[in-house]
Amino acid sequence: MRSSNPVFSRRGFSRDTGYAGFNAPPQAGGAANPYAGTNPYAQGGNPYAQDPQQATQAPPQYAPQTRPMTMDDVVARTGMTLGTVVAGATVGWLFLTENLGFAVGAGLVAMVLGFVQSFKRKPSPALILAYAALEGVFLGALSGYLNMLPNMSGAPMQAVLGTMAVFVAMLVAYKTRIVRVTARFTRFVMIAALGFVLLSLVNVLFMAFGGGAEGLGFRSGGLGIVFGIVGVVLGALFLALDFKQVEDGIAYGAPREESWLAAFGLTLTLVWIYMEMLRLISILRGD
């Protein structure tokens, strides 16, 4: 989707409030949490948190009938969600490239579904898959339309490859701890994302109310290239937050159903990166 991507407002794994969260393990004897200053996911009242050192001696704090989330669960749900996006994109590419009105409508409905899931306390697989299908239809139709333009042939495939490259690069950077997700890192990403969204909205308003097709120039020329690169970098930083959510969820025994939230978050972020990549390529090609 566009700059209003609900990735910036999703709640993640937390059952309470705020951005994604699992509590860091408390110290024995009730000492202050040593991770509170560095873990942006440490919040009070987490029903899943448990001391990893006591995990073998004490029963888990989640419901006995719910087994904890594993990496396999996250991979499987993410595969299902992204597979649904691809299926929807195939339909949009094959049948809707000349009917962008319907495709835009599908994209708007997908945006609404994304916001609804973002503010739900529990993940809804049906809602997440419906979002993925409609988002895929929108992306496929838009990509197919752009691919038919003289200067844009092959651009969607380049955007897909670019998105995959960003994902792999950020995963390697996260796993090797080149990128460390701390409270300061999270605040920086959220503030930068908010500024990016606000500038994009202002640009749209200028375009709609007399500023011309270029608006403030954030989507064309040299300034547009810089703005596009910033958008891709922000998407990459959000991937790091997503990886941290998954890591914390597995470490602290989140229920298996929370893997759907991981899949939802990763899908939102990858869609964001793809759209920014596609927009950046279109500017570089002068279309």
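Some notes on this structure:
- Those residues of segment 241-269 which are more than 10 Å from the chain's Cα centre (by Cα) and closer than 19 Å to Ala173 by Cα, in sequence order: Phe243, Lys244, Gln245, Val246, Glu247, Asp248
- Number of residues in segment 177-190 that are among the aliphatic types (A, V, I, L, M) and over 16 Å from the mean Cα position of the chain (by Cα) equals 3.
- Test result for Gly92, crowded, with 22+ Cβ neighbours inside 10 Å and part of a helix (DSSP H, G or I): yes
- Taking every residue in segment 95-112 that is closer than 14 Å to Ala132 by Cα and pairing it with any residue that is of a type in the set (D, E, K, R) and modelled with pLDDT of 90 or more, at least 6 positions away or on another chain, the pairs with Cβ-Cβ distances below 9 Å are Ala106/Glu135; Gly107/Glu135; Ala110/Glu135; Met111/Glu135.
- Check on Pro68, of a type outside the set (Asp, Glu), in contact with a Gly (Cβ under 6 Å, 6 or more places away or on another chain), surrounded by 15 or more Cβ atoms within 10 Å (Cβ to Cβ) and more than 19 Å from Ile273 (Cα to Cα): yes
- If you check Met164, Met190 for being out of contact with any helix residue (DSSP H, G or I) (no Cβ under 6 Å at 6 or more places or on another chain) and open to solvent by 60 Å² or more (accessible area, probe 1.4 Å), only one passes: Met164.
- Residues in segment 223-258 that are over 18 Å from Ala183 (Cα atoms), acidic (Asp, Glu) and open to solvent by less than 10 Å² (accessible area, probe 1.4 Å): Glu258 only.
- So Met111, is it aliphatic (A, V, I, L, M), open to solvent by less than 70 Å² (accessible area, probe 1.4 Å) and over 20 Å from the mean Cα position of the chain (by Cα): no
- Residues being in a helix (DSSP H, G or I), among the aromatic types (Phe, Trp, Tyr) and open to solvent by 60 Å² or more (accessible area, probe 1.4 Å) are represented in segment 167-175 by at least one member.
- The set of residues from segment 257-273 being closer than 11 Å to Leu82 by Cβ and either in contact with a Cys (Cβ under 8 Å, 6 or more places away or on another chain) or of a type in the set (Ser, Thr, Tyr) (or both) comprises just one member, Thr267.
- Test: residue in segment 114-131 that is in contact with a Gly (Cβ under 7 Å, 6 or more places away or on another chain), open to solvent by less than 20 Å² (accessible area, probe 1.4 Å) and more than 16 Å from Arg279 (Cβ to Cβ): yes
- Qualifying residue in segment 247-269 (condition: basic (Lys, Arg) and either outside any helix (DSSP H, G or I) or modelled with pLDDT of 95 or more (or both)): no
The values are calculated or read from the model by the stated rules, or taken from the named source; none is laboratory data. Since we're looking at a predicted model, the values are computed, not measured. Ideal geometry is used to build each Cβ from the backbone, glycine not excepted, and the neighbour counts take in all protein chains shown. In case anyone asks, the SASA skips ligands and DNA or RNA and just uses the protein heavy atoms, side chains included. Shrake-Rupley method; radii C 1.70, N 1.55, O 1.52, S 1.80 Å.
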